[in-house]
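Each remark here refers to the structure printed beneath this line.
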Amino acid sequence: MSKTNFDDYLNESLTQLNKNITPDKELWDGIERAIMTNKQASTVNSVVWPKLTAIAACCVAALVSTMVFFTSPETNTAVAMSDFFTKQKQSLLVQYQSQAALTDNWQVHRLCENSDHLLV
């Protein structure tokens, strides 16, 4: 069969086809149920995911805000000790500022003490 013969045969068969064929009523009920079931399943899925996404977003926001507000930054121990000793030195200087010195030439006495040890 050539292409033109097949096309002619197909057109002739389609024109002779009975167009008043109606399917059984049971078939339409099954099709309607299948369509409605698919719509309900897609509706349930489309409702659940946004709710789960919103819950997950709230949990993440709560965790991040907890970390930001309740965690304190680590302090550097050396800097903290230096600040503590500087404050302590300042308080001692203020405390002894009004007292008179025991000697005027304390550096000379210290040199003499060191030289005595060297001589021994």
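Things to note:
- Mean projected area of the convex hull spanned by the Cα atoms of the range 63-103, taken over all viewing directions: 4.5 nm².
- With the simple model of a label 7 Å out from the Cα in the direction of the Cβ, ASP83 to ILE55 spans 4.4 nm.
- Note on ASN105 and VAL64: the model spin-label points, each 7 Å out from Cα along the C-beta direction, lie 7.2 nm apart.
- Summed residue charge, Cβ within 14 Å of THR15's Cβ, Lys/Arg positive, Asp/Glu negative: -2
Any read-out appearing in this document is the output of simple, stated calculations on the displayed coordinates, not a laboratory observation. These numbers come from a predicted model, not from an experiment. Glycine also receives a Cβ, built like all others from the backbone with ideal geometry; neighbour counts cover every protein chain displayed.
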